[in-house]
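The structure appears right after this line, and notes come after that.
The values are calculated or read from the model by the stated rules, or taken from the named source; none is laboratory data. Model, not experiment: these values are computed from the prediction. All Cβ positions, even for glycine, are placed from backbone atoms using ideal geometry, and neighbour counts span all protein chains on display.
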Amino acid sequence: MSFLELDAIFLALALAVFAVAVLRSRHKAQVLAAVAVTLAVLLVLTAVFDNIMIGAGLFDYGARALAGPRLGLAPLEDFAYPAAAAVLLPGLWLLLPGRGRK
């Protein structure tokens, strides 16, 4: 299994949880705006710091498991985890009893 396939599964689950949470929320616009800003910040930080860490030689990837596209030195797959966190964590928070329905 490639990193891209693993990322697709992880992102699909995160997006499903988030979709359910947003549909149940009374504050859809505010939730979507907050998550969009969070997602943008996390993706920029990932691009900056992954490139620094890879450039410094702190880690590398086996090219065989990567899809190929990169943003600088950072492989595309690196951006899936912060993206999933940006939607999964607020989704779980909204699904907790008493959250997101006020």
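From the list D78, D60, which one is over 19 Å from T38 (Cβ atoms) and among the charged types (D, E, K, R)?
On the way: D78 fails: over 19 Å from T38 (Cβ atoms).
Being over 19 Å from T38 (Cβ atoms) and among the charged types (D, E, K, R) holds for just one of D78, D60, which is D60.
Within the range 16-29, track down each residue that is within 11 Å of P90 (Cβ to Cβ) and assigned to a helix (DSSP H, G or I). Once the filter is applied, which keeps residues that are within 11 Å of P90 (Cβ to Cβ) and assigned to a helix (DSSP H, G or I), the range 16-29 yields V17, F18, A21, V22.
Is it the case that the range 71-82 has a residue that's in contact with a Gly (Cβ under 6 Å, 6 or more places away or on another chain) and within 17 Å of V20 (Cα to Cα)? Talk me through it step by step, then tell me what you get.
Step one: filter the range 71-82 for residues in contact with a Gly (Cβ under 6 Å, 6 or more places away or on another chain), giving 73.
Keeping just the survivors that are within 17 Å of V20 (Cα to Cα) gives none.
Within the range 71-82, not a single residue is in contact with a Gly (Cβ under 6 Å, 6 or more places away or on another chain) and within 17 Å of V20 (Cα to Cα).
Restricting attention to the range 23-58, and to residues there that are surrounded by 15 or more Cβ atoms within 10 Å (Cβ to Cβ) and in contact with a Leu (Cβ under 6 Å, 6 or more places away or on another chain), which single residue is nearest to D78 (Cα to Cα)? Per the criteria, the residue is A47. Just so you know, in the range 59-82 the residues that are surrounded by fewer than 12 Cβ atoms within 10 Å (Cβ to Cβ) and not in a loop (DSSP other than H, G, I, E, B) include one that is modelled with the highest pLDDT, and it is R64. The residues on offer are L42, L73, and the sole one that is in contact (Cβ under 8 Å) with a residue 12 or more places away in the chain and farther than 19 Å from A14 by Cβ is L73.
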